1. Taking region B:69-85 as the search range and keeping residues that are outside any helix (DSSP H, G or I) and modelled with pLDDT under 75, which one is surrounded by the most Cβ atoms within 10 Å (Cβ to Cβ)?
2. Within region B:110-199, considering only strands (runs of 3 or more DSSP E) that don't extend past its boundaries, which have at least 3 residues that are touching an Asp or Glu at 6+ places or on another chain (Cβ under 7 Å) and crowded, with 21+ Cβ neighbours inside 10 Å?
3. Hey, among the residues in region B:169-190 that are hydrophobic (A, V, I, L, M, F, W, C) and at pLDDT below 95, which one's farthest from the chain's Cα centre (by Cα)?
4. Is one or more of the residues making up region B:86-103 modelled with pLDDT of 90 or more, outside any helix (DSSP H, G or I) and more than 14 Å from chain A (Cβ to nearest Cβ)?
5. Filtering region B:192-216 down to residues that are farther than 16 Å from B:L237 by Cα and modelled with pLDDT of 95 or more, which residue is farthest from the other protein chains (Cβ to nearest Cβ)?
6. If a residue has to be within 26 Å of A:G147 (Cβ to Cβ) and away from chain A (no Cβ under 14 Å) to count, how many in region B:227-268 make the cut?
7. What number of residues in region A:126-145 are among the β-branched types (V, I, T) and more than 10 Å from every other protein chain (Cβ to nearest Cβ)?
8. Out of B:P202, B:P119, B:P108, report the one residue that is in contact with a strand residue (DSSP E or B) (Cβ under 9 Å, 6 or more places away or on another chain) and not basic (K, R).
There are 2 protein chains.
Amino acid sequence: MARAARGAGHDVFVLLVDGVSDADYSDFETGRTALTTVGRAISELRRARCRDLVVVGNFTRPDHARLEWDWGTLKIMPRLLQIRFGGDDRVNSIVSSLFEAQGFRVLPPLAVAPGLAAPAGLAAGRKPSKEEEEDIALGLSVLASLGAFDVGQALVVSHRRVLAIEAAEGTDAMIARCGELRRNGRFREAAPSGVLVKAAKPGQDLRMDLPTVGTRTVEAAVAAGLAGLALHADHVLMPDGQEMLDMATRQGLFVVTVDMPASAGPGR
Amino acid sequence: MARAARGAGHDVFVLLVDGVSDADYSDFETGRTALTTVGRAISELRRARCRDLVVVGNFTRPDHARLEWDWGTLKIMPRLLQIRFGGDDRVNSIVSSLFEAQGFRVLPPLAVAPGLAAPAGLAAGRKPSKEEEEDIALGLSVLASLGAFDVGQALVVSHRRVLAIEAAEGTDAMIARCGELRRNGRFREAAPSGVLVKAAKPGQDLRMDLPTVGTRTVEAAVAAGLAGLALHADHVLMPDGQEMLDMATRQGLFVVTVDMPASAGPGR
């Protein structure tokens with residue numbers, strides 16, 4: 001993301017978050033904060049003269065008991081406490097509004113690095129079978145229906161049966177569960193089978209927590225014996241780009257992009 | 001279930017299924033079958049002069065490669081092969097129709113032993129808080145919405161956030177996942193918190209795969225640090241009855257029954 005944003009002509013400062021940032025940013029000017037030192041995060045961003053902010057990474061909610069009581073944190077504590085409640089979208093819109101109240105502009109990652117989205121028409125590996133296309137359509141309908149409740153960015157479908165639905169555990173853990181279902185006999189179809197369907201929630205704030213897939217997703221899907229990935233076109237971040245697609249193709253996994261259905265479910 | 005049916009005046013024959021039946025049925029006349037010997041199951045039921053059939057237990061789909069090719073199995077093979085496809089309701093209606101085509105009547109467990117349902121108005125342990133009642137309402141709406149896709153008998157909600165949704169893994173594994181979410185920091189609310197909401201799917205065939213809770217559910221919920229159970233009134237089987245409620249109360253877990261909402265979700 002940092003490289004793509006720089007490639008698109010942006011000046012990039014990277015604010016590393018303890019326990020979240022694990023890549024090598026030695027090519028970039030960087031600062032450091034913890035999830036629990038909000039005041040410090042804001043002063044680091046000001047020091048670097050940042051105005052626009054892009055939030056990426058696999059965050060967990062902060063432990064409120066460990067928040068540091070600096071002045072910046074204290075000022076926004078009422079909003080911070082609300083992060084306890086609701087689904088991820090709600091939390092993300094609170095976080096965005098926190099930074100915006102401090103004068104920053106929170107941008108969608110895809111506004112800064114549009115080339116990182118899985119594009120419409122993407123197709124790597126073999127073509128999904130007609131049956132797999134039906135599974136993908138079922139999966140998209142379920143995700144569209146769940147989105148109204150601010151839950152569900154991904155699920156796995158095989159033979160018109162929803163095997164696993166992601167809630168708070170994250171996509172990789174949900175995929176791993178499908179391997180477990182194979183081992184304990186609850187999912188008996190010979191591997192490779194099962195499609196991971198991943199999409200943004202309807203009405204999701206695309207500035208935060210954009211669905212993301214990468215080489216780790218491919219590794220997890222291969223380990224679980226899945227057949228392919230179906231990604232919501234122009235709404236799923238694919239930061240590893242061609243490297244991920246090459247890995248998927250090598251491992252026999254298909255990758256396609258799909259559109260969300262307009263309606264939310266069957267029989268309504 | 002066998003004891004309750006006998007108590008209600010029924011003659012009871014128990015057909016034990018290898019790998020599924022693990023209780024002591026020495027008080028009953030019994031036969032034995034495997035999930036893969038359908039012809040044998042039918043001849044055992046005929047031998048015992050059974051006419052009405054109640055199916056209970058934690059079944060997995062059979063491994064088709066291991067089906068035994070006896071005459072009874074061969075005759076119904078086309079239907080058996082369809083069990084590969086679709087959600088649990090679809091599979092259950094196929095299984096019911098298989099037995100009905102052989103002249104058996106498949107009855108809902110609650111028709112034979114109505115006293116085993118979690119009744120409307122049930123309340124054990126403390127009263128759920130106003131916030132927990134909101135979490136339960138959210139959970140019921142999500143389950144109602146998912147039911148249309150033949151998935152989702154249970155989920156866990158805390159602070160208006162859906163933490164886990166059950167698909168093929170089963171309720172106990174889904175509850176255990178909430179304990180895991182606590183340990184890995186994705187669910188930070190102090191235990192006990194989080195409500196298990198369990199319901200029949202809208203339009204579910206109540207003859208098969210009725211949602212069931214027991215002492216094992218209570219043990220799993222306590223281990224995961226949950227606060228209580230909300231059960232769909234008159235639609236959830238509670239075979240351990242008072243023993244389960246006493247255990248829940250002792251362990252500080254509340255148990256209540258609730259009605260499903262008439263509409264399927266927010267904003268529709």
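The values are calculated or read from the model by the stated rules, or taken from the named source; none is laboratory data. These numbers were taken from a predicted model, which means no experiment stands behind them. So basically every Cβ, Gly included, is an ideal-geometry build from the backbone, and we count neighbours across all protein chains shown.
1. The selected residue is B:I76.
2. B:154-158
3. Restricting to residues being hydrophobic (A, V, I, L, M, F, W, C) and at pLDDT below 95, the top hit is B:A190.
4. The answer is yes, given that some residue of region B:86-103 is modelled with pLDDT of 90 or more, outside any helix (DSSP H, G or I) and more than 14 Å from chain A (Cβ to nearest Cβ).
5. In this case the residue turns out to be B:P192.
6. 5
7. Counting residues in region A:126-145 that are among the β-branched types (V, I, T) and more than 10 Å from every other protein chain (Cβ to nearest Cβ) gives 1.
8. Only one candidate qualifies: B:P119.
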